[in-house]
Protein chains: 2
Amino acid sequence: MVQYSLSPDGERFPLPGQEDYQKEFERLNELVKQQRSLGREIVVVMGLGFVGAVMAAVVADAKDKNGKPTKFVIGMQRPSTRSYWKIPLLNRGVSPVSADDPEVALMIHRCVNDKKTFTATFTYDALKLADVVVVDVQCDYLKESLGNVQDGRADMAALEESFEIIAQHIPPEALVLIETTVAPGTTEQIAYPIMKKAFRKRGIDKDPLLAHSYERVMPGRNYVASIRDFWRVCSGVTEEAKQRVVKFLKEVLNTEKFPLSVLDRPIESETAKIVENSFRAATLAFLDEWSLFAERNGVDLTKVINAIKVRPTHSNMIFPGPGIGGYCLPKDGGLGLWAYRHIHGFEDDIFKITPLAIDINDTRSLHVAQLTRDALRNMSRPLASAEILLLGASYREDVGDTRYSGSELIVRRLTEMGAELRVHDPYVTHWWEFEKQDEYPSSDHSLKRFFRGQEKLKDLRVEQDLKKALDGTDAVILAVRHHHYLNLDPEEIVTSAGGPIAVIDCFGILDDAKIKRYFELGCEVKGLGRGHVKRIKDQVNGRRDEG
Amino acid sequence: MVQYSLSPDGERFPLPGQEDYQKEFERLNELVKQQRSLGREIVVVMGLGFVGAVMAAVVADAKDKNGKPTKFVIGMQRPSTRSYWKIPLLNRGVSPVSADDPEVALMIHRCVNDKKTFTATFTYDALKLADVVVVDVQCDYLKESLGNVQDGRADMAALEESFEIIAQHIPPEALVLIETTVAPGTTEQIAYPIMKKAFRKRGIDKDPLLAHSYERVMPGRNYVASIRDFWRVCSGVTEEAKQRVVKFLKEVLNTEKFPLSVLDRPIESETAKIVENSFRAATLAFLDEWSLFAERNGVDLTKVINAIKVRPTHSNMIFPGPGIGGYCLPKDGGLGLWAYRHIHGFEDDIFKITPLAIDINDTRSLHVAQLTRDALRNMSRPLASAEILLLGASYREDVGDTRYSGSELIVRRLTEMGAELRVHDPYVTHWWEFEKQDEYPSSDHSLKRFFRGQEKLKDLRVEQDLKKALDGTDAVILAVRHHHYLNLDPEEIVTSAGGPIAVIDCFGILDDAKIKRYFELGCEVKGLGRGHVKRIKDQVNGRRDEG
């Protein structure tokens, strides 16, 4: 029976059969022969996910001083029902990732159809043709409980399998560059022994040329630039590997403007990535306790932060909003803790702030449910069976990325408390975490298992018409700073809702004038970290009494 | 019996007697009459410590568009044996604080002797003449145990007494500006009721005009600029107080280039200061666990940090060195926790990262003793009775400020472990924490009580001659990044010491070439957060074997 892979647009692609592999390798061989005659290096990028697809295109787009392409890229992806569709799509010149950066689609189209420096394939035999292999296979961290990152493990299976397959196929002198964010020590203590063993089995005496360099990709309008035009850190297992990775990165990235940091050992590069993202997670988590302090003591934390971040030394202070999502910040610290025990063999607990920060960030958004309940209670409406509209599903403003977004937890908590949820997000057409909540990304990852009564959320659909979404709601939660939400008019909101509602501002979206206007319209307002709201309410009520 | 106050230079000043007060007030009255006729406002600055003395001079130095002075400043200080000497010294035009910023001495001299806009006094009656009172009385936080900031309390006595005295003396329309870093809520919930009550006793119906604005003073070469040419945050208890404080700060600070942040309520300004410093403490403490991870896994954390801080969003990442000292960072978070319970009446524990960061920072330097022990052990020398030279006593590079320095804890810990300590610091002539360890700053503050066998440290003197200090040492601890220590020559160090020694680098002071040289000279090297040191040692030993 032929199996199919379904693209997000609903197109069905039959998975390749046994007979297709030989033909596919011949196609690649032919292409590579031509490309080599043009003096181009062959780069195989393993993993065509969020990072790999764009990194592959950046490499395929690289050119020398005369403007001529220097690399031919083969993007590789296992032909699973979940992911195979990316390959035929890419080979048409269509991006498999939907990005807010218009350059992604343009660059992929250009490299596939015009420059012809980019093809995608499903066969591991592509590795036999590689001068350089770039590994962008995910390394997840699986959490067993909510708000306790210590109770979890690095999911190394896919990565370890990749290392073995690479070593079984590549020419011995190929450079293998691991770009994946990994548990510190992975390159030298996991990848190296696996690959060396496979080399020896093949009768190869040479040691594998292994390097690590992490990306600093940022979803949004500057997606491509965040890969190509940004500082990189790298290192290699041997001096030769180090020199090779430096040469490669200088050829494909804008290292003149954004110089490389070359570290002594791969573990230093791996550690840098984890420290970098854990630092960010910690600075955000730090504000959670002050957010609560502010709420309870009449302080508007958003104004306090603005007053502080004027200082250049404090300019990276960011109001944490309803939780810290995205693919990296919730997990990277976990990889560090795990490595300390499971790669390096230590038994003691040296990590304090790193896990605490993740635990705080992972549960911060739950407080929004509490604020929603309190606001509705002030209006004498029970939360159970209340109609609640969430504005914003993604984890970050003005992107359509819902991975581990605080909004997901808000929906899940309010649902188990009995509320009826609706969602609006101009950037998100399908909220897969709910629509495919039993399979996406995998049940091990799904946050569903931490909440009761989640079955009905299978039917949650993201509404694109804000007016329609508002009709008949009891409460609106402003969860994301999408630009669409920054200047909503209180009158129009209340009119569309059909009367006074509860408004919960999770991200300092409402200025004091708007908060006042909502109160004047009979609404109830609560704000994450915004303790001054009560003062505005009192002012409005005072004036009413006088009036 | 006449009591005396001893200046740091050893000059004795008799404390004023009862009969001196009337005369002093007449002197002030006369001065104020002249100054008012010149159109100047009278500003009384209470507390002539680290901040007050310089703030007073900045105000006295303020001028209008025509370059004419606009304020006459009376610096006020209680005439205690410990502090009275500041008053006669100031009245000669001599700075009572020794600062690395040459502008401090120049400005004080200029204002006292040339512009004649600054005088100092011991009588509270000065308050009767004030248009503006600036409160720079310290509010300490007393810790009952080491590494547990939750076990402590704000020391409000001096501040509360000041509020009462101010209200008993000032004209009702005087603005009272609290500059002290206080527990959030202090202005509105402690100062305001105290002052209002005192006003009512005096038959004054008006409410006190109270404001809060915190300084961001930084010891070092830009001390004056850090007060005058830097951003300020402020607020007032009433609209009138807020307008008055804005007006005052605009007249005395460089607010054109560094605009004011005016917040709604004093608690917001007070909270901003605590959040600001707690944020800094947290970002530093965060690296402690990664420092240990680095040490144990061959990673040089200093290189990792340099690779990370290239990112503009991570540029404020700083290697924490041996603990985080200074007057502010170890205590400010404590004032926040304390306020939550003791001013606002909450019972739950909402603070997680803020206290944890302080606890980590307060004990980080103790690990240096462990590294010293390990380094000596590798040389088969026992730590007990070893001669150990500490390079750097102050809490920060290129300043002479020893308050809560990590170096103090290193000395205390190594002393209780039986080592013989010597200290060198080009900026510190007297290390009062030891020389006056039974009285300075007070036994409640002294860290002495947390360690055994500290009596002999009374005799600890700071050596100014590095060569002499090195003679016969077993170990050298590089504790502070004073510029004098950044390029010490390994050969010279070993020669001065009289043979191979243990070298402990607490602050990434040694580059890899120097570390290698020390090993080649037969020394043992350990570094805080520098796990790559062992690799360099192995290289050196390998070469020796080959050679």
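The values are calculated or read from the model by the stated rules, or taken from the named source; none is laboratory data. The structure displayed is predicted, hence computed values, not measured ones. For neighbour counting, all protein chains shown are included, and Cβ atoms are generated from backbone atoms with ideal geometry for every residue, glycine included. Please note that ligands, DNA and RNA were not included when accessible areas were found on the heavy atoms of the full protein model with its side chains. Shrake-Rupley method; radii C 1.70, N 1.55, O 1.52, S 1.80 Å.
Go through (1) assigned to a strand (DSSP E or B); (2) crowded, with 21+ Cβ neighbours inside 10 Å; (3) not β-branched (Val, Ile, Thr) one by one and return the number of the condition A:LEU142 breaks.
(2)
Just checking: which of the helices (runs of 4 or more DSSP H) contained wholly in the stretch A:418-522 hold 1 or more residues that are among the hydroxyl-bearing types (Ser, Thr, Tyr) and at pLDDT 95 or above?
Details: elements: A:432-435, A:466-470, A:490-497, A:512-520.
Those helices (runs of 4 or more DSSP H) span A:490-497, A:512-520.
For the stretch B:478-507, what are the residues that are open to solvent by less than 30 Å² (accessible area, probe 1.4 Å) and charged (D, E, K, R)?
Within the stretch B:478-507, B:ASP505 is the sole residue that qualifies.
In the set B:HIS169, B:HIS212, which member is free of Cβ contacts under 8 Å to residues at least 60 places away in the same chain and within 14 Å of another protein chain (Cβ to nearest Cβ)?
Values: B:HIS169 fails: within 14 Å of another protein chain (Cβ to nearest Cβ).
Selected residue: B:HIS212, the only one of B:HIS169, B:HIS212 that is free of Cβ contacts under 8 Å to residues at least 60 places away in the same chain and within 14 Å of another protein chain (Cβ to nearest Cβ).
Against the definition (modelled with pLDDT of 95 or more, within 14 Å of chain A (Cβ to nearest Cβ) and within 18 Å of the chain's Cα centre (by Cα)), how does B:ASP348 come out, yes or no? Let's see the steps before the verdict.
On the way: modelled with pLDDT of 95 or more: yes; within 14 Å of chain A (Cβ to nearest Cβ): yes; within 18 Å of the chain's Cα centre (by Cα): no.
Judged against the criteria, B:ASP348 is not a match.
Condition first: touching a helix residue (DSSP H, G or I) at 6+ places or on another chain (Cβ under 6 Å) and basic (Lys, Arg). Now tell me which residues in the stretch A:377-411 satisfy that.
None - no residue of the stretch A:377-411 is touching a helix residue (DSSP H, G or I) at 6+ places or on another chain (Cβ under 6 Å) and basic (Lys, Arg), so the list stays empty.
Cβ-Cβ under 9 Å, sequence separation 6+ or interchain: first residue in the stretch B:122-149 and of a type in the set (Ser, Thr, Tyr), partner in a strand (DSSP E or B) and surrounded by fewer than 22 Cβ atoms within 10 Å (Cβ to Cβ). Which pairs?
Once the first residue is of a type in the set (Ser, Thr, Tyr) and sits in the stretch B:122-149, its partners that are in a strand (DSSP E or B) and surrounded by fewer than 22 Cβ atoms within 10 Å (Cβ to Cβ) give B:TYR141/B:GLY152; B:TYR141/B:ARG153; B:TYR141/B:ASP155; B:SER145/B:GLY152.
Looking at the stretch A:358-382, which of its residues are hydroxyl-bearing (Ser, Thr, Tyr) and touching a residue at least 12 places away in the same chain (Cβ under 8 Å)? Reasoning before the result, please.
Going residue by residue through the stretch A:358-382, those that are hydroxyl-bearing (Ser, Thr, Tyr) are A:363, A:365, A:372, A:380.
Result: A:THR363, A:SER365, A:THR372.
Given the conditions (1) of a type in the set (Gly, Ala, Ser); (2) free of Cβ contacts under 8 Å to residues at least 40 places away in the same chain; (3) closer than 30 Å to B:TYR223 by Cβ, which single one is not true for B:GLY334?
The single condition B:GLY334 does not satisfy is (2).
Quick one: which strands (runs of 3 or more DSSP E) sit completely within the stretch A:1-110 and have at least 3 residues that are among the hydrophobic types (A, V, I, L, M, F, W, C)? Explain how you work it out, then say what you get.
Details: elements: A:4-6, A:12-14, A:41-46, A:71-76.
Correct list: A:41-46, A:71-76.
Restricting to the stretch B:304-328, and then to whatever is hydrophobic (A, V, I, L, M, F, W, C) and modelled with pLDDT of 95 or more, can you tell me which residue is surrounded by the fewest Cβ atoms within 10 Å (Cβ to Cβ)? Before you say what the answer is, go through the steps one by one.
Let us first name the residues in the stretch B:304-328 that are hydrophobic (A, V, I, L, M, F, W, C), namely B:304-305, B:307-308, B:310, B:317-319, B:324, B:328.
The next check asks that each one be modelled with pLDDT of 95 or more; those that pass are B:304-305, B:307-308, B:310, B:317-319.
Values: B:VAL304: 29, B:ILE305: 24, B:ALA307: 26, B:ILE308: 22, B:VAL310: 16, B:MET317: 22, B:ILE318: 14, B:PHE319: 20.
Among residues in the stretch B:304-328 that are hydrophobic (A, V, I, L, M, F, W, C) and modelled with pLDDT of 95 or more, the one surrounded by the fewest Cβ atoms within 10 Å (Cβ to Cβ) is B:ILE318.
Please verify whether A:ILE501 is under 30 Å from A:ARG221 (Cα atoms), among the hydrophobic types (A, V, I, L, M, F, W, C) and more than 14 Å from chain B (Cβ to nearest Cβ), treating the condition exactly as stated.
Values: under 30 Å from A:ARG221 (Cα atoms): no; among the hydrophobic types (A, V, I, L, M, F, W, C): yes; more than 14 Å from chain B (Cβ to nearest Cβ): yes.
It is false that A:ILE501 is under 30 Å from A:ARG221 (Cα atoms), among the hydrophobic types (A, V, I, L, M, F, W, C) and more than 14 Å from chain B (Cβ to nearest Cβ).
Among the residues of the stretch A:258-286, count how many are among the charged types (D, E, K, R), within 7 Å of another protein chain (Cβ to nearest Cβ) and outside any loop (DSSP other than H, G, I, E, B). So that I can check it myself, show each step before the final result.
Step one: list which residues in the stretch A:258-286 are among the charged types (D, E, K, R), which gives A:264-265, A:268, A:270, A:273, A:276, A:280.
In the following step, the residues that additionally are within 7 Å of another protein chain (Cβ to nearest Cβ) were identified as A:264-265, A:268, A:276.
Now restrict to residues that are outside any loop (DSSP other than H, G, I, E, B): A:268, A:276.
Summing the residues that are among the charged types (D, E, K, R), within 7 Å of another protein chain (Cβ to nearest Cβ) and outside any loop (DSSP other than H, G, I, E, B) in the stretch A:258-286 gives 2.
Quick one: what pairs do we get from the stretch B:524-547, first residue more than 27 Å from B:PHE319 (Cβ to Cβ) and more than 14 Å from chain A (Cβ to nearest Cβ), second open to solvent by 60 Å² or more (accessible area, probe 1.4 Å) and modelled with pLDDT of 95 or more, C-beta under 9 Å, 6+ apart or different chains?
Every condition considered, the pairs that remain are B:ARG543/B:GLU520; B:ARG544/B:GLU520.
Checking the condition crowded, with 17+ Cβ neighbours inside 10 Å and acidic (Asp, Glu), which residue from B:ASP64, B:ASP101, B:ASP114 passes? Working first, answer last.
Numbers: B:ASP64 fails: crowded, with 17+ Cβ neighbours inside 10 Å; B:ASP114 fails: crowded, with 17+ Cβ neighbours inside 10 Å.
Only one candidate passes the filter, namely B:ASP101.
Which number in (1) surrounded by fewer than 22 Cβ atoms within 10 Å (Cβ to Cβ); (2) out of contact with any Pro (no Cβ under 8 Å at 6 or more places or on another chain) marks the one condition that B:PRO266 misses?
Tallying (1) surrounded by fewer than 22 Cβ atoms within 10 Å (Cβ to Cβ); (2) out of contact with any Pro (no Cβ under 8 Å at 6 or more places or on another chain), B:PRO266 fails exactly one: (1).
Only one residue in B:SER380, B:SER407, B:SER394 is closer than 23 Å to B:ASN277 by Cβ and in a loop (DSSP other than H, G, I, E, B). Which one? Walk me through it before giving the result.
Working: B:SER380 fails: closer than 23 Å to B:ASN277 by Cβ; B:SER407 fails: in a loop (DSSP other than H, G, I, E, B).
Just a single option satisfies the conditions, and that option is B:SER394.
Being free of Cβ contacts under 8 Å to residues at least 24 places away in the same chain and open to solvent by less than 20 Å² (accessible area, probe 1.4 Å), is that true of even one residue in the stretch B:425-433? Give the derivation first.
Narrowing the stretch B:425-433 to residues free of Cβ contacts under 8 Å to residues at least 24 places away in the same chain: none.
No, there is no match, as no residue in the stretch B:425-433 is free of Cβ contacts under 8 Å to residues at least 24 places away in the same chain and open to solvent by less than 20 Å² (accessible area, probe 1.4 Å).
Within the stretch A:91-114, does at least one residue satisfy the condition of being modelled with pLDDT of 95 or more, touching a Phe, Trp or Tyr at 6+ places or on another chain (Cβ under 8 Å) and within 24 Å of A:ILE165 (Cα to Cα)?
No.
Inspect all residues belonging to the stretch A:401-413 and state whether any of them is open to solvent by 40 Å² or more (accessible area, probe 1.4 Å) and among the hydroxyl-bearing types (Ser, Thr, Tyr).
Here is the first cut: in the stretch A:401-413, the residues open to solvent by 40 Å² or more (accessible area, probe 1.4 Å) are A:403-404, A:413.
Add one more test, that the residue is among the hydroxyl-bearing types (Ser, Thr, Tyr), and what stays is A:404.
Yes - at least one qualifying residue is present in the stretch A:401-413.
For the stretch A:287-319: of the residues being within 22 Å of A:LEU356 (Cα to Cα) and outside any helix (DSSP H, G or I), which is farthest from the other protein chains (Cβ to nearest Cβ)?
That would be A:PHE319.
Taking the residues in the stretch A:351-361 that are over 10 Å from A:LEU329 (Cβ atoms) and more than 7 Å from every other protein chain (Cβ to nearest Cβ) as candidates, determine which candidate is most open to solvent (accessible area, probe 1.4 Å). Even if it seems obvious, please write down each step before you answer.
Of the residues in the stretch A:351-361, the ones over 10 Å from A:LEU329 (Cβ atoms) are A:351-356, A:359-360.
Going one step further and asking which of them are more than 7 Å from every other protein chain (Cβ to nearest Cβ), we end up with A:355, A:359.
On the way: A:PRO355: 7, A:ASP359: 29 Å².
So, considering only residues that are over 10 Å from A:LEU329 (Cβ atoms) and more than 7 Å from every other protein chain (Cβ to nearest Cβ), the one most open to solvent (accessible area, probe 1.4 Å) is A:ASP359.
Please pick out the residue among B:PHE279, B:PHE258 that is surrounded by fewer than 24 Cβ atoms within 10 Å (Cβ to Cβ), farther than 28 Å from A:ARG265 by Cβ, modelled with pLDDT of 95 or more and of a type in the set (Phe, Trp, Tyr). Please lay out each step first, then the result.
Numbers: B:PHE279 fails: surrounded by fewer than 24 Cβ atoms within 10 Å (Cβ to Cβ).
Result of the check over B:PHE279, B:PHE258: B:PHE258.
Does at least one position in the stretch B:149-162 carry a residue that is open to solvent by less than 60 Å² (accessible area, probe 1.4 Å), under 30 Å from B:ALA105 (Cβ atoms) and in contact with a Ser or Thr (Cβ under 8 Å, 6 or more places away or on another chain)?
From the stretch B:149-162, those open to solvent by less than 60 Å² (accessible area, probe 1.4 Å) are B:149, B:152, B:154-156, B:158-159, B:162; that's our starting set.
Narrowing the set further to residues that are under 30 Å from B:ALA105 (Cβ atoms) leaves B:158-159, B:162.
If we keep only those that are in contact with a Ser or Thr (Cβ under 8 Å, 6 or more places away or on another chain) as well, we get B:159.
Yes - at least one qualifying residue is present in the stretch B:149-162.
Quick check on the stretch A:237-251: of everything there that is touching a strand residue (DSSP E or B) at 6+ places or on another chain (Cβ under 7 Å) and not in a loop (DSSP other than H, G, I, E, B), which residue is surrounded by the fewest Cβ atoms within 10 Å (Cβ to Cβ)?
Among residues in the stretch A:237-251 that are touching a strand residue (DSSP E or B) at 6+ places or on another chain (Cβ under 7 Å) and not in a loop (DSSP other than H, G, I, E, B), the one surrounded by the fewest Cβ atoms within 10 Å (Cβ to Cβ) is A:GLU240.
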